[in-house]
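Student: Sharing a structure, written as structure tokens. Questions coming.
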Amino acid sequence: MRSLEGRLMLITAIWTIAAIALVTALLGGFAERSARRSLDLRLAAAADQLATNMDIGSDGTVSVGRQPDEAGFGRARSGWYWLVETGGKAIAQSRSFAGRDPAHFLASARGETGAGTLGERVTFMRRPIPDETTPAQLLVTAPLAEIEAEVTGIQVTILWTMLGLACALIAGLTAQISWGLRPVRQLAHDIEQVRAGDAETVARPGIANLEGVADAVNRLIAQLATAAERSRQDAANLAHAIKTPLSVVILRAAQDGTAADPIILASAEQIQRQIDRRLKRARSQPVGLGHPSASVAAVADDAAFAAGRVHGARGIKTEADIDPAITVQATREDLEEIIGNLVDNAFKWARSEVLITASHGHGQVTVTVSDDGPGIAETAMVAAGERGRRLDETVPGAGLGLAIVGDIVADLGGTLAFGRAALGGLEVAVTLTAGRALPSSTRSSA
């Protein structure tokens, strides 16, 4: 059991069942001892009554002045037997023997229990007969089967009662544990809300044991938010500090309107674009622990519309099959730059069709942009995302679009993959962490 609730329930069930089993065994033993004591009292009363009402004549005959109250002595093979012995021989016996030889009966009467005339289990009791002429002994038995059925019935009743009680206790304790841990689950939910950006602090649960935990989490949230804001400010300050000398480098590299050193100029302009993007991202990033979410469908529609306007003369057909509810953990600006560059690259290479899709599963979203262009060789796919690497010089561009996409995707903790599209051209797949659901009214503008 990995959960705290499951562990508590398991421990509760084990100890409850063990306690119920022990109580059942104790009550069953008590019932058996009580029934045996009752039978022994009946047997002792019958033995005393027989012993005091027996006379042994001079010829060895035994007479009973008053028959015992126990009716089993007169019923054949009832388990209730009496027998008078002297010198190891039976000189008188009850009607319940029904003519059977008592020798075997006497042989088995060595302890407290033995076998009756039919092998049934009986309990023995001996009494001396007060006679001066003939020393004799009275042997009286009672059937144990008479109490065994009663004891078994009592034990079964106790067992079922205890099982019902165990089920009721386990159910009650399970409900109690579940109810008792509800504030812990709520606290975990509140922390997740803060992580997702739907709340700024954790609500105090109103329970003494958890108040300190909630306060500690809120202090940690505040500390992390302060550190994150300080980091954003440092990044913005650094970008501003670099921007001015970088502008000088660009001006010097392109004196008199001509590029004296095109490589330096292209690199400097790329650095400037990165700085501008970082500044824009730092300004748009929300304060706190939450992650922004952006609608994939809305951004894909805008990117397809913009690319269609730029490449409208070629008549390229665009198809975007995306669920409007799918979002990713990214700012609108970052997602626009990712999908915008991928769609623009696909339009440059496509012959007649560009396809944009998105799938959601296991907390991740994969956005795929594919075209029906010539595609690239398997060996060239590794180099496709390298900065400044152009796979065809006849297509306009600086070869920076896919590299920029790779940088942004890496910043967001995602992955970028290249492959052969079903349309025949290049397929680029970007996988990012799924975002939280956006209100339906904001999906189109998120």
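Student: List every residue pair whose Cβ atoms sit under 8 Å apart, with the two residues 6 or more apart in sequence or on different chains, where the first one lies in region 22-49 and is free of Cβ contacts under 8 Å to residues at least 60 places away in the same chain and the second, anywhere, is assigned to a helix (DSSP H, G or I).
Tutor: Every condition considered, no pair remains.
Student: Look through VAL343, VAL365 and report the one residue that is over 14 Å from ILE408 (Cβ atoms), among the aliphatic types (A, V, I, L, M) and free of Cβ contacts under 8 Å to residues at least 60 places away in the same chain.
Tutor: On the way: VAL365 fails: free of Cβ contacts under 8 Å to residues at least 60 places away in the same chain.
Sole residue among the options that is over 14 Å from ILE408 (Cβ atoms), among the aliphatic types (A, V, I, L, M) and free of Cβ contacts under 8 Å to residues at least 60 places away in the same chain: VAL343.
Student: Conditions first: (1) closer than 25 Å to MET162 by Cβ; (2) over 59 Å from the mean Cα position of the chain (by Cα). ALA45 passes all but one, so which condition is the exception?
Tutor: (1) is the only condition that ALA45 fails.
Student: Ok, one more. Here are some residues: ALA222, ALA216, ALA228, ALA188. Which one is under 25 Å from ILE271 (Cβ atoms) and assigned to a helix (DSSP H, G or I)?
Tutor: Result of the check over ALA222, ALA216, ALA228, ALA188: ALA228.
Values quoted throughout were computed directly from the atomic coordinates according to the rules given, and no laboratory measurement underlies them. Keep in mind that what you see is a predicted model, and the values were worked out from it rather than measured. So basically every Cβ, Gly included, is an ideal-geometry build from the backbone, and we count neighbours across all protein chains shown.
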